[in-house]
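First comes the structure, then the notes that go with it.
The values are calculated or read from the model by the stated rules, or taken from the named source; none is laboratory data. Small disclaimer: the values here were computed from a predicted structure and weren't measured. Backbone-built Cβ (ideal geometry, glycine too); neighbour counts: all protein chains shown.
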Amino acid sequence: MAYIEEISPANLDAFDELIPKVFKEQSLNERGYRFYGISESDEAVGCVIFVERADTVEILYIYVLPYLRGTGIIDQMLMLLFLQLRDTGFSKVKFNYLLSETPEIAAISRRFEFEESPLDMAYFRFEAEVIKKCVVSTYEPKGIVRVRYLPPEKKDKLFKLIEKNLQFYDFDFNDREDILPYSMAYLEGEQPRGALIVQTPKTAVMPLADDIKRYPEPGAMDLTLFFVGTSTMKAPLYLLSGLCRTIQKEIDDSTILTGYFPEGHVTRLIEGALGVKGYHEVCATLELDTL
């Protein structure tokens, strides 16, 4: 018989290996994290992780061992959890997902009749020749310089800004040299105000289930835009133009480029400039009083 229970120090050992490390670490720095374990015949077989935000529960992670997928156990356990949350005063459950990356979450959303709405945030995947031939290839890349050519003091300042403000992307700059060959910096008033970080296949993050905010593809060059204190709306296009000129003779046209951009205006600029539609993230919401 399957059942779901909150994970506590008393039963943590049974579920510990099923909980991604990233959520354990985040729960130490942010309030509201709750961990629930799923058991079948007294065996730990899965977990559900969410964070409480006022009267809303945001689900961050759902997992069950492969041999139980398709058996209906997830739906049964989620219904029990949702009813418990409703009875303890919560009014909504929500989660964000990309259909291209997590079709199983989309299927859960449909089965429970979540209300879905697309967000500005989007995941892009395209071949290098797209950026070489797009409209921004004709732009003058104003204020753009390769990060590798920045003076040491400006390079250090740029990385400090990135490390301070890009916690969302869970970057690790232990070896900064790895991202320098193609990354571009945007300067305003001679000061770094933005960057297009280009992670090569050697350094790109693998698409793990516990990495909920980035969707790079193995073997692809992964792009991330970063801005601080600039009002220049075309800065992303200048960065793309700089990258275009840089890689025209350095990488093959068929090389895959990927990127996940949370800034709405950046998403629209990139879609317009490249002519490539991003895979927009979906926000799914369930009103618990409808159960």
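If you check Gly70 against the conditions, is it crowded, with 16+ Cβ neighbours inside 10 Å and not polar (S, T, N, Q)? So that I can check it myself, show each step before the final result.
Values: crowded, with 16+ Cβ neighbours inside 10 Å: no; not polar (S, T, N, Q): yes.
Considered against the rule, which asks whether it is crowded, with 16+ Cβ neighbours inside 10 Å and not polar (S, T, N, Q), Gly70 comes out as no.
One line per residue, one yes/no per condition, for (1) over 29 Å from Gly259 (Cα atoms); (2) among the basic types (Lys, Arg); (3) at pLDDT 95 or above; (4) not in a helix (DSSP H, G or I):
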{"residue": "Ser27", "(1), (2), (3), (4)": "no, no, no, no"}
{"residue": "Tyr61", "(1), (2), (3), (4)": "no, no, no, yes"}
{"residue": "Val93", "(1), (2), (3), (4)": "no, no, yes, yes"}
{"residue": "Glu101", "(1), (2), (3), (4)": "no, no, no, yes"}
{"residue": "Ile105", "(1), (2), (3), (4)": "no, no, no, no"}
{"residue": "Ile108", "(1), (2), (3), (4)": "no, no, no, no"}
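Filter the stretch 1-31 for residues that are of a type in the set (A, V, I, L, M, F, W, C) and under 17 Å from Ile59 (Cα atoms); which is surrounded by the fewest Cβ atoms within 10 Å (Cβ to Cβ)?
Going through the stretch 1-31, the residues of a type in the set (A, V, I, L, M, F, W, C) turn out to be 1-2, 4, 7, 10, 12, 14-15, 18-19, 22-23, 28.
In the following step, the residues that additionally are under 17 Å from Ile59 (Cα atoms) were identified as 4, 7, 18-19, 22-23.
Working: Ile4: 19, Ile7: 20, Leu18: 19, Ile19: 19, Val22: 16, Phe23: 18.
Ranking the candidates gives Val22 first.
Of the numbered conditions (1) within 21 Å of Ile105 (Cα to Cα); (2) free of Cβ contacts under 8 Å to residues at least 12 places away in the same chain; (3) not hydroxyl-bearing (Ser, Thr, Tyr), Leu12 fails exactly one; give the number of that condition.
Result: Leu12 passes all but (1).
Which ones in the stretch 265-279 are touching a residue at least 40 places away in the same chain (Cβ under 8 Å), surrounded by 17 or more Cβ atoms within 10 Å (Cβ to Cβ) and part of a helix (DSSP H, G or I)?
Those that are touching a residue at least 40 places away in the same chain (Cβ under 8 Å), surrounded by 17 or more Cβ atoms within 10 Å (Cβ to Cβ) and part of a helix (DSSP H, G or I): Val266, Thr267, Ile270, Ala273, Leu274.
Here is a list of conditions, (1) in contact (Cβ under 8 Å) with a residue 12 or more places away in the chain; (2) over 25 Å from the mean Cα position of the chain (by Cα), and Pro151 meets all of them except one; can you say which number that is?
Every listed condition holds for Pro151 apart from (1).
Within the stretch 37-74, track down each residue that is in contact with a strand residue (DSSP E or B) (Cβ under 6 Å, 6 or more places away or on another chain) and closer than 16 Å to Phe90 by Cα.
Ile49, Phe50, Val51, Thr56, Val57, Glu58, Ile59
Are there any pairs with C-beta distances below 9 angstrom linking a residue in the stretch 188-199 that is farther than 14 Å from Gly259 by Cβ to a residue that is hydroxyl-bearing (Ser, Thr, Tyr) and modelled with pLDDT under 85, with the two at least 6 apart or on different chains, and if so which?
Glu188/Thr230; Glu188/Ser231; Glu188/Thr232; Arg193/Thr230; Arg193/Thr232; Gly194/Thr230; Gly194/Thr232
Among the residues of the stretch 238-264, count how many are over 16 Å from the mean Cα position of the chain (by Cα) and in contact (Cβ under 8 Å) with a residue 60 or more places away in the chain.
First pass over the stretch 238-264, keeping only residues over 16 Å from the mean Cα position of the chain (by Cα): 238-256.
Within this subset, residues satisfying the condition of being in contact (Cβ under 8 Å) with a residue 60 or more places away in the chain are 238-248, 250-256.
Looking only at that region, the number is 18.
Which condition does Glu116 not pass, out of (1) in a strand (DSSP E or B); (2) at positive phi, if it passes all the others?
(2) is the only condition that Glu116 fails.
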